[in-house]
Structures are given as C-alpha cells and as structure tokens.
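Any read-out appearing in this document is the output of simple, stated calculations on the displayed coordinates, not a laboratory observation. All of these numbers come straight from a predicted model, not from anything done at the bench. Backbone-built Cβ (ideal geometry, glycine too); neighbour counts: all protein chains shown.
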Amino acid sequence: MASVDPLESLHLGFRRRYLDYDTLTQQLRGWAERFPELVRLRSLGQTPQGRELWQVTLGREPERIRPAVWIDGNMHASELCGSSVALSIAERVLRLLLMPESCALPRPLRETLSDVVFHVLPRMSPDGAEAVLQTGRWVRSVPRDPRQSGGPARWVASDLDGDGRALLMRVVDPTGEWSSHPSNPSVLVPRRLEDDGPFYKLYPEGLIEDFDGRSVPDAHFLSDNWPDLNRNFPWSWAPEPAQTGAGDYPGSEVESRAVIEATTALPNLFFWLNFHSFGGVFIRPLGDAPDKQLPDFDRAVFREIGEWCTELTGYPMVSGFEEFTYEEDKALRGDLSDYAYHQRGCIAYVCELWDLFKRLGIPRPRRFCDYYTAMGRDELLALAEWDAAHNGARVFPGWTPFEHPQLGRVEIGGYDPRIGVWNPPEEELEGMCRVQADAALRVAALAPRPVLELHASRLSSGLHRVRATVENHGYLPTYVLEAGRQLGIGAPLRAEIVVGSGLQLYGAPRVELGHLDGWGRGVGSRDMVFHVPRSRGSTARASAEWTVSGSGIVEVKVHSPRLGEYTKRVELGPE
C-alpha cells in the first residue's frame, strides 16, 4: 500500500499559481504547526505596510548549529516566481526529512542533506509583491520613496481607468521613440527611419507629481519606488548617483537590514541562493572584478556547480562582472550575492528564473546581459506571437482611450508583463520548481561533514590518553571557499576537553586543529590533472591528545564558527 504524503494536504498551490501575502503566510504556518520538530517560523521584521518578513528554518533539531543554507526570493517585487521556487525547495527539504526514500536522490546525497539546516525567506519584499499582484504597477523592490518631496517633477503610478491595473499610457507625439508594429498595431516597437507614424511617448499609468503644465519628466523606473534592495547591501556599496537605487546607506531599508542582521547571526552559512527573474541564467561572483581575480579553488567549485546547474535546468552560469553588468566593466554596487560571497564567505549566486529568450529562439549575445537590450521589433513580434499562442494574450491586452487630467487624450493598457515576461505562465511553474529544487539540493550536498571519533587508552595505573580524531567527509573544506578563509567566521577548528569530577587533566584543555580539506576539487583544478593523477595527504584529518588521570567521564568538543559544535564522551574506568 502506498504511503500517504503528509505534505500534499498542506500544499496551497504555489507550484501552480502566484500566492498573495495571506496565502503565503498560511502556507508557512501550516508547515510549522504540523511539523514543529522540523520547522521553525519567525519574522525577521515588519515592513512599513505591516507585513511580516517570514523566514522558515528546516532541519532535524533546527536550533543545532551545523552547515546551513540560505535561500531567498522575490527581493524584486515583480519577480514573483522566486517565491514559488523558494517554497518548493522548502517543501522538498521537508519531504526529504519526513520520507527520505520517496525522494529521487542518491543515498549519499540524502545522508548529507539530512544534516544540513535550510533557512528560507521566500518573499523579501512582501509590500512590493502585493502591489504587483493586486494592481499590476511596476515596482522594482518596494512601493515607497523615502526621499523628501519638493524635488523635480516625477511620475507616480496609479490606476486611472479603474480596471484594477496600473499599466502604461501611450501619447501620440511626433518626437516619440515608439511606433506600432506593421503586422500587429497593438505592439509598440522601437521607431525606425522609414516608419510613417503615428509615433508615441510611453509613460506609466498615473499622474505627474509637481507638474508645471508644460515639461513632462522622464519616466524613470525608480521614480516612485526607490530604492532597489539589490543595491542596498554593504559590499562595495556606493551612493547615488554613482549607483542608481542605492538607498541612503547600506541596509537603510527594513527588508535588506533584516536580512543582513539575520545572516550575520548565522556564521555557519556556506551556501546562499538568491532567486530573481527573468532570463534563464545563473550569475556567480565576481560581480566587481574579472574572473582572473577569482581564487583558483573558488573558480573550480563554481565551474562544478555551473555544470550541474546547466545539466539539471538548462540555464548557463555566467560571471556577474563579465556578462551581467548593464554597462560593460562598470560593476553594480551593493549587490546581495557579492555581499554573501565576500562578507559571509558563502557559495553565492543568483538564479534568474524563466528562460524567455530561449523560448523565443533569440540567439545568445556575447554578454548574457545584452539579451535585455536586444529586443527589437522582430523579437517583440515573436513575443506577441508566443503570448497569443501560449500565454492567453496576457502580455499585450490592447489599448483603451482615456482623457488624462494632465496630458489630455491618451491610451491606457497595451502591456502587462507580469505573467509571460517577468514571470512564466502558471503552467510552467511546477516543472521549474522541480528542476530548481534538484539543482539547489545538489549544491547543498557540498556541505563540509565533520566526523568526530574519540578513543581512550590506559598508559599506566590510573593514567589515560584521550585521543580525538576529526575527519571531514564532505566535498567542501571547513573554510568553505577561499573567500571565507580570512574572515572572522572562517576561524579553524578547535578541540577542547572537559573532565568530570574525579579526573585530573595534564596540560592545556584546548588544541587548535586548523582547517580540514574536503575531498572535492571542483572542475579544472590543477590538483586533478589526468596525466599525473595524485592525491593530497592527510589534509582532511586532524587529531588532538590529552593525558588524564583518575576515573569518570570526559567530554571532547570540536568547534568552528562555520561548522558548529560536535561533541563526544567517553568513560575512563578505574584501575
């Protein structure tokens, strides 16, 4: 008789639709209430609109410190599918803990993952996501602008025509940069010399704040929703105007500050996965320098991960600096994954979900980021054709005349990218969740795995030698990456003996063990050349010895900030 899956009755549909805040909250609470021995739910803080930043921790003995993974999604408000995938990974971890044999994972991976802790923040910007879900308006991260009023005129999005969406407005203008596609007049495309018109200006549906009645301000994407959370983290942060969307200072926003504070309290994090959309690509460090400055070991590990991720998902992995800067050789500042790599010493990268460019058959450009500027009129027509055939024509809903109180006659609508551009159609979600969970769990299985053995031997009457041996059975070294070796959280292992009553210790109780190598070398490592195959020596093993007299219980603790504490006891018998 087939076993009943206890998770299916709790599933609220995140593999088939995009959840609003209340449903997402209900999903997390359902897991925490049903499986209190495996799940801890907490709020990292509250947003200005009163929503909780829910973070769920999953694992056996969730409070016990050992190698841990951090997964977050939806830091950019429109990128809703990141929440779905993050929830799917959490559900897969729960299933692994509850029913390990039902998971299609090899036994060695199951064993490693069963002793890894997962911290999942499925929605970093609940205020922004709710605005996108409920109104359709563009929000980069958060639907607020803390800058003082009285500055230059700006656009403020709102639902003018009362259809429940704040989309776009087009205004006939001989200086306009856009014209209608000759094969599909509803689709606006970049203007060409040979076009006859009419030509259009494109603005967000809404009003101009501080309008002088003459000059229309630029429709900047952060005009009423500043800052960008992914420019608000401490690593290489730079203020406006050097970095658009930076915020007033690193961690100035409730959401980013909550993540910084929560993860700083977790020195045992070794893997950090940050979900975005769209594009169909993994973006790894370095984000601020070319690959030649990436340490050899770190680069080899990222090659290994990139090969797995491409095999499992079809997405390539690219360098942030070399293929994902908006201006070539100009680094993006205050980026979360750079913070996670450089300041937290984690394997850290971004996944841009939803491979729309691949679906449209657009050839890959030299730099992956150039895809986003390569959407000319032919590509936009291909998008419209795909939208009509596979997406219910949701992206291009058509234009409706409207009398604007400031601009006069306009047309509203035209482009709703929420489902189809920013996020995949709902029917694509389940497959996406499955393959992304496969990829994330495989990387999580790289965790260092300390194994402590304790032995006692009698030296003479009443005198004993206690020997502790620690081996790292995991892929990664105990310092995880070279990026983390020199950080304070990258301190090496230490062994300490505690003797009970009736025992006397000779010598210092504490012994520094150093770091232990893992068995993994990545791809392209000079340690693993096929023509001269060799291994390192006992670099994955370390020992400590103490001399103790008497009888009773001794306890040995092995500890490091990245790994937590491992303890064993042995009883020393009488003469």
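With the simple spin-label model, which puts each label point 7 Å out from Cα in the Cβ direction, the GLU571 to ALA508 separation comes to 3.2 nm. Listed values for the stretch 316-322 are Karplus-derived 3J(HN,Hα) couplings in whole Hz (6.51 cos²θ - 1.76 cosθ + 1.60, θ = phi - 60°), namely x, 10, 10, 6, x, 6, 7, and x replaces Gly and Pro. Cross-link partners of LYS292 among lysines, defined as those whose alpha carbon lies under 21 angstrom from its own and excluding same-chain residues fewer than eight positions apart: LYS330. Quick check on the stretch 448-575: take the gyration tensor over C-alpha atoms, sort the square-rooted eigenvalues as a ≥ b ≥ c, and tell me if it's rounded (a/c under 1.5), prolate or oblate. Because a/c hits 1.5 or more and a/b exceeds b/c, the stretch 448-575 counts as prolate. Extension gain for SER501 to SER525 (0.36 nm times residue separation, less C-alpha to C-alpha distance): 3.6 nm. Take the Cα of SER460, step 7 Å along the line toward its Cβ, and report every residue of the stretch 497-523 whose backbone nitrogen sits under 17 Å from that point. Only 504-507 pass the distance filter. Among the GluC sites (Glu not before Pro) within the stretch 1-104, those in coil by DSSP and having at most 16 neighbouring Cβ atoms inside 10 Å are GLU37, GLU63.
Among the DSSP helices (H) of the chain, those spanning at least 24 angstrom by Cα along their long axis with an average Kyte-Doolittle hydropathy of 0.0 or more are 81-98; this is a geometric and hydropathy rule only.
Fully extending the segment from THR264 to ARG29, taken as 0.36 nm per residue of separation minus the present Cα-Cα distance, adds 82.1 nm. Looking at the chain, the DSSP beta bridges with both ends there are about 80 percent antiparallel.
Computed over neighbours whose Cβ is under 13 Å from that of GLU63, the net charge equals +2, Lys and Arg +1, Asp and Glu -1. Cross-link partners for LYS568 among the lysines, with Cα-Cα distance under 20 Å and sequence neighbours closer than 8 places in the same chain left out: LYS557.
Treating the chain as a set of equal point scatterers at the Cα positions, no solvent, please give the Debye-formula log₁₀ I(q)/I(0) at q = 0.06, 0.07, 0.09, 0.12 Å⁻¹. For the chain, the Cα-only Debye profile gives -0.37, -0.48, -0.75, -1.21. Applying a DSSP loop filter and a limit of 10 other Cβ atoms within 10 Å to the GluC sites (Glu not before Pro) in the stretch 151-222 leaves GLU194. Neighbours of CYS433, meaning other residues whose beta-carbon lies under 14 angstrom from its beta-carbon, give a summed charge of 0 when Lys and Arg score +1 and Asp and Glu score -1. Computing FRET efficiency as 1/(1 + (r/R0)^6) for SER43 and LEU193, where r is the C-beta to C-beta distance and R0 is 51 Å, gives about 0.35. Rounded to the nearest 0.05, the FRET efficiency derived from the C-beta distance between ARG214 and LEU12 at R0 = 56 Å is 0.65. ARG394 sits among other residues whose Cβ lies under 12 Å from its own Cβ, and their net charge, with Lys and Arg +1 and Asp and Glu -1, is -1. Among the chymotrypsin sites (Phe, Trp or Tyr not before Pro) found in the stretch 496-545, those both in a DSSP coil and sparsely packed, with 16 or fewer other Cβ atoms within 10 Å of their Cβ, are TRP519, PHE530.
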